[in-house]
Amino acid sequence: MPRVPQTTAATPIAFVHCIVQAYQRRGMDASAALQQAHIAPEQLQNPVARVTAMQFEALSSHAMRELDDEALGWFGRRLPWGSYGMLARASISAPNLGVALQRWCRHHGLIAGDIALTLNTDAGTATLTLTEHRDLGVLREFCLVSILRNFHGLACWLVDSRIPLTGAQFPFGRPDHGAVYQVLFSAPALFNQAQAAISFDASYLTLPLRRDEAALRQMLMRALPLTVLQYRRDRLLVQRVRQALANQPADTHSADDLAALLAMSPRTLHRQLKDEGASLQALKDEVRRTRAQDLLLRTRRPIKQVAQTTGFQNEKSFMRAFKAWTGQSPAEFRNAQAACR
């Protein structure tokens, strides 16, 4: 039997019980699937036990094939092996992520009428809402969590990018294992809400897809790989950093402050910016330069006041930086622009 790689054990044993129950409903034995995932019988008896993402993927993969149900018992009808692959193929030809995810939502309703997925945008935030059309019973939590995580994983895979969630909400009370939701979604989780939903920056919807048929075939060789893949790259991180520096200057004085605002560590911030060919200092300079030029052109504020407004400790350091950026002093820049009008 292959050795299962060890990662942080975060998946609640309650979700393992749900898969075991799916077997029991079909009059089948889950022992082989549990053995394949290296989940010992005594773990099932411990209500606070956790399994790793890799263990849960192995369990899910075996169960989906053995039960021939990619929904693992969630819905009134089985979703035979390959159902979600069919949805992915219908989405992969889309021109951007937004169109691909809208297709996914629409087509999901054709194969599983028990729920409906709706993607909307408002004030720069994209929200996927899950509406239940029937009682999902004891598998409800497992179903809602899995559908939302798979949708998020699919979105990240399609554009080969981290897509940070800004929130997750659920229409049930906080379970005993509620603390793991921060790990499962990496976002604040709200319970006892009207519907299940996740939200993220709508700018990601404009990204072009970066996967082709060959990549899709490789991905579909495994079940639920989307829930365990970690994406280091965030293709919109540079844009997000620019916006934070420009719109919240008081909260972004240091790398630590900025990283906290973006819900990541300073080390991760620097590493991901480097992956995108950028640096925090260069972005700070770009935002400061743009702000300084705007103030010099649109206002008659004294140079000292422009320096303070753009975050410089004194006028001398501002003048030195501005000349390095533009080849002109602030006064020369202002006068030259005025002469061109």
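Rule-based calculations on the coordinates, nothing more; no lab input. As the structure is a prediction and not an experimental result, all values here were calculated from the model. Please note: Cβ atoms are built from the backbone with ideal geometry, for glycine as well, and neighbour counts cover all protein chains shown.
Restricting to Cα pairs below 8 Å that are 6+ residues apart, what does the relative contact order work out to for region 297-341? Please round to a whole percent. If you can, show how the numbers build up before the last one.
Details: 23 pairs, mean separation 14.0, N = 45.
Value for region 297-341: 31 percent.
If you average 1/r over all unlike Cα pairs in region 1-67 and invert the result, what Kirkwood radius do you get in angstrom?
Computed over Cα pairs of region 1-67, the Kirkwood hydrodynamic radius comes out at 11.8 Å.
Of the labelled options (1) 5, 23, 30, 23, 10, 4, 3, 2, 1, 0, 0; (2) 6, 27, 35, 23, 8, 1; (3) 5, 21, 27, 20, 12, 8, 5, 2, 0, which one gives P(r) over Cα pairs in 10 Å bins from 0, in percent as computed for this structure?
Looking at P(r) over Cα pairs in 10 Å bins from 0, in percent for this model, the match is (3).
Please report, for the Cα atoms of region 297-341, the Rg to one decimal and the Dmax as a whole number; what are they, in angstrom?
10.3, 32
On a C-alpha basis, how far is the centre of region 311-326 from the centre of region 74-94 in Å? Whole number, if you could?
57 Å
Using helices alone, what [θ] at 222 nm do you get for the chain, with -39,500 (n - 2.57) per DSSP H run of 4 or more residues, divided over all residues and rounded to the nearest 500?
-15000 deg cm²/dmol
If packing is taken as the average number of other Cβ atoms within 10 Å across a peptide's residues, how do 109-119, 248-258, 233-243 rank, most packed first?
Details: 109-119: 16.4, 248-258: 14.5, 233-243: 18.4.
Ranking the peptides 109-119, 248-258, 233-243 by packing returns 233-243, 109-119, 248-258.
With only Lys, Arg, Asp and Glu charged, each at its Cβ (+1 for the first two, -1 for the last two), find how big the charge dipole of region 272-341 is about the Cα centre; round to the nearest 20 debye.
The dipole of region 272-341 has a size of about 380 debye.
Let me see the pair-distance distribution of region 48-130: every alpha carbon pair, 10 Å bin width, integer percents in order.
Result, from short to long distances: 16, 37, 34, 13, 1 percent.
Assign unit charges at the C-beta atoms only (+1 for Lys and Arg, -1 for Asp and Glu), then state the dipole size of region 160-286 relative to its Cα centre in Debye, rounded to the nearest 20.
360 debye
So how do Leu97, Leu136, Leu130 line up by other beta-carbon neighbours within 10 Å, fewest first?
Leu136, Leu130, Leu97
For region 156-201 and region 233-264, what is the separation of their C-alpha centers, rounded to whole Å?
21 Å
If the cut-off is a Cα-Cα distance under 20 Å, which lysines reach Lys323, setting aside same-chain residues fewer than 8 apart in sequence?
Lys284, Lys304
As a test, work out the antiparallel percent of DSSP beta bridges whose residues both lie in the chain, rounded to the nearest 5.
90 percent
Could you grab the relative contact order for the chain? Cα pairs under 8 Å, six or more apart, rounded to a whole percent.
Once divided by the residue count of the chain, the mean separation gives 13 percent.
Picking from Ile19, Ile303, Ile198, which is most flexible by a Gaussian network model of the chain using Cα springs under 10 Å?
The residue with the greatest mean-square fluctuation here is Ile303.
Once the other residues with Cβ under 13 Å from the Cβ of Arg89 are scored (Lys, Arg +1; Asp, Glu -1), what is the net sum? Present the calculation step by step, with values, prior to reporting the outcome.
Working: positive: Arg103, Arg211, Arg217; negative: Asp212, Glu213.
Result for the neighbourhood of Arg89: +1.
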